[in-house]
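Report on the following structure.
Taken together, the values in this text are just the output of simple stated rules run on the coordinates, not laboratory data. Please read these numbers as outputs of a predicted model, since none were measured by experiment. Every residue, glycine as well, gets a Cβ built from its backbone with ideal geometry; the counts of neighbours run over all protein chains shown.
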Amino acid sequence: MSALFCSRLMPIAAVVMIAAVVPAFFPSAYYYRVAALVFMFALAGIGLNLLMGFAGQVSLGHAGFIGIGAYAVAVGPTHLGLPTWLSFFAGAALSAIVAFLVGRPILRLKGHYLAIATLGFGVLLSIVFTNEAKLTGGPDGMSVPRLVLFGWTARGSETWYWISAASFVIGAGLALNLIDSPSGRALRAIHDSEVAACVLGIDVAQKKLMVFVISAVYASVAGSYLAMFNGHITPEASGFLRSIELVAMVVLGGMGSIIGSLVGSGVIVVLPQALSFLHEYEHMVLGLIVMGVMIFLRGGIVPSLAVMFAGRRKW
Amino acid sequence: MVILETDRLSIAFGGVRAIDGVNVAIESGQVFSIIGPNGSGKTTLFNLVSGIYTPDDGSIRLSGEKVVGLAPDQLARRGLSRTFQNLQIFSRMSALENVMVGRHRHERTGILADLIHWPSVARQNKATAEAAHAAVGRVGLADFADRPANSLAYGALKRLEIARALASEPKLLLLDEPAAGCNPVETQEIANVIRSIVKDGITVVLVEHDMRLVMNISDRVHVLANGKTLAEGTPDQVRSNTAVIQAYLGVHGSQEAVHAVD
């Protein structure tokens, strides 16, 4: 049993060690900032990976839930007088409720149709954030008060690095637990054959809804962190491009690989910074790298490399 | 005791009456085969009985209880399981994990417990894996348990689907062409598996084209043609039924049926 425990959570141990050691090599606070962003987006990536990589249900609107989480910690303290930590949980709860209500009708759709429906949902939310200017500040966005817990104020990139790394580790642990459980097996079964899953007694609609709600909460938590970290929020954070970025992280890192979500987030967040010396060619090179990864590491970075090192398959 | 009974069961697809007023009454503990030419409605009948299609007309009773309109997962929880003619394997999972999914209806954990890996989840996983190992062993795939399902041979996948269905501990098991595409050795293995299933008191409904297998193993045979019942009886009765020979078996088939006596 302890062996099982170890093998399941081994990747987590690796991430903990890397997260603890890497800051020793950070030359400036800027590196903490980028690394914190990597962990925050990776957290949203885990949620989307549970939905896409494990249950096989695509969402092109997940930035909408990032938006709910982000605006919760902005609107809650500013307009409703709620403490930030309470707004954070309220945002997660609201995301879960919205996902539950939206998920019921749209998760009946499959493949491309589901993609378009979730896309519409994401666009709808970002329109709401843009147009409800009295509450959200409109296209200019609004400022987000700092997180204060028991008189301690969370500020600075280094603080947020540790918060986001710890949250990623917890989020990844929960996800790995889920995968290795009756619910997780049911989700993976739905991915491969819905009809076989349902004749074995799996309530397919209920399981899909469950994972959709869970993935929405992951995105919402990530959105709240991003907003509190940046101190400012605009509707762009929940826009279509952000949704696409999330999908790209999951696919690049590896569908069905929790660590892949971290690697994918690393690629999407760090590469544009690393390539900034290329000036106007930056986006072109970024695009070429992403295409190259997909051509040569078809299953995503982490699963493909795992197969290569295991030497099971020759490419 | 009759475990499955249909009454004037009918469904049409775009004007084609795929199943047209079919009555079957399947006794518990039997092997009940449904045969008929391609397109005669055998798989459609399975899809109706397992809740994948909803009939336009007629009723279905499972252990005496009306079950028309119930979803496949609800029927599974009432003890009905099935396999598929075109394999429906969970190809990203190992052979054992495929069969573990079959235990789903016996698993008792909640989503929160699953997320934090509560000790009950560890216990559940262990119990599920043990039961799945037993089912995998029963169909002779113990050596392949940890292999990715998509690396198994076709005949092995056919048996893996049976193991997965067995893991759910059904009262009634529908097997849709379990021997299709299998060589004589694999077919013999499947026949042995079916016999051992029936020995355990599970009722088996079989759709199969391999006449030798059907005639050897069945207690009763129901013949469909164009969605309607053509004949029903013991293998001997069906074999000697002129309507069946003319409409379905033909010269070649009747010869094969004669061979099956050996």
Contact order normalised by residue count of the range B:46-177, Cα under 8 Å, 6+ apart, percent | 36
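Any idea what the relative contact order of chain A is, in percent, if you count C-alpha pairs under 8 Å spaced at least 6 apart?
Numbers: 504 pairs, mean separation 101.2, N = 315.
Result for chain A is 32 percent.
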Around B:N38, what is the net charge, scoring Lys/Arg as +1 and Asp/Glu as -1 over all other residues with Cβ under 15 Å from its Cβ?
-> -3
Gap separating the Cα centres of the range A:253-283 and the range A:7-29, nearest whole Å = 18
For chain A, just say rounded, prolate or oblate: build the C-alpha gyration tensor, square-root its eigenvalues into a ≥ b ≥ c, call rounded for a/c under 1.5, and beyond that prolate if a/b exceeds b/c, oblate if not.
-> rounded
Just from its helices, what would the mean residue ellipticity at 222 nm be for chain A, if runs of 4 or more DSSP H residues each count -39500 (n - 2.57) and the sum is divided by every residue, rounded to the nearest 500 deg cm²/dmol?
-> -24000 deg cm²/dmol
Amide proton proximity set for B:A225, modelled H, under 5 Å, gap of 5+ = B:L230
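Based on other C-beta atoms within 10 Å, arrange B:E189, A:E132 from fewest to most.
Details: B:E189 19, A:E132 14.
Arranged by neighbour count, lowest to highest, B:E189, A:E132 become A:E132, B:E189.
If a helix is a whole DSSP H run, which ones in chain A reach 18 Å or further along their own axis (Cα) and hold a mean Kyte-Doolittle hydropathy of at least -0.5? Working shown, then result.
On the way: long enough: A:2-21 (26 Å, 1.98); A:29-49 (29 Å, 1.34); A:63-79 (22 Å, 1.12); A:84-106 (32 Å, 1.57); A:111-131 (30 Å, 1.45); A:157-179 (32 Å, 1.09); A:204-230 (39 Å, 1.16); A:240-253 (20 Å, 1.84); A:258-274 (24 Å, 1.87); A:282-296 (21 Å, 2.01).
Span-like helices in chain A: A:2-21, A:29-49, A:63-79, A:84-106, A:111-131, A:157-179, A:204-230, A:240-253, A:258-274, A:282-296.
Go ahead and estimate [θ] at 222 nm for chain B from helices alone: -39,500 (n - 2.57) per DSSP H run with n ≥ 4, summed, over the residue count, rounded to 500. Could you put the intermediate results ahead of the total?
Working: 10 runs with 100 residues, N = 262.
Mean residue ellipticity, 222 nm, calculated: -11000 deg cm²/dmol.
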Most exposed first, judged by fewest Cβ atoms within 10 angstrom, A:L278, A:L262, B:L80, B:L115 run A:L278, B:L115, A:L262, B:L80
Provide the gained length on full extension for the span A:S28 to A:A154, in nm with one decimal, where the gain is 0.36 nm per separating residue minus the Cα-Cα distance.
-> 43.5 nm
Percent antiparallel among DSSP beta bridges (both partners in the protein assembly as shown, rounded to 5) = 65
FRET E, pair B:V68, A:F89, Förster distance 41 Å, beta-carbon r, rounded to 0.05 | 0.35
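Between A:R298 and B:Q237, take the C-beta separation as r, use R0 = 60 Å, and let me know the FRET efficiency to the nearest 0.05. Intermediate values should be presented prior to the final figure.
Values: r = 56 Å, r/R0 = 0.94.
It comes to 0.60.
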With a cut-off of 19 Å, note down the residues of the range B:190-204 whose backbone N falls inside the zone around a label point 7 Å from the Cα of B:M1 toward its beta carbon.
-> B:197-204
Candidates B:L96, B:L166, B:L152: whichever shows maximal mean-square fluctuation once chain B is modelled as a Gaussian network with Cα springs under 10 Å | B:L152
Label A:A13 and B:A122 with points 7 Å out from Cα along Cα→Cβ: what is the distance between them in nm?
-> 1.5
Using alpha carbon centroids, what distance separates the range B:128-183 and the range A:156-211, in Å?
-> 26
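Quick one: order B:C182, A:C198 by neighbouring beta-carbon count within 10 Å, fewest to most. All intermediate terms of the calculation are to be shown ahead of the outcome.
Numbers: B:C182 19, A:C198 24.
Ordered by Cβ neighbours within 10 Å, fewest first: B:C182, A:C198.
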In nm, the gap between the two label points placed 7 Å beyond Cα toward Cβ at A:F309 and A:H79 is 4.8
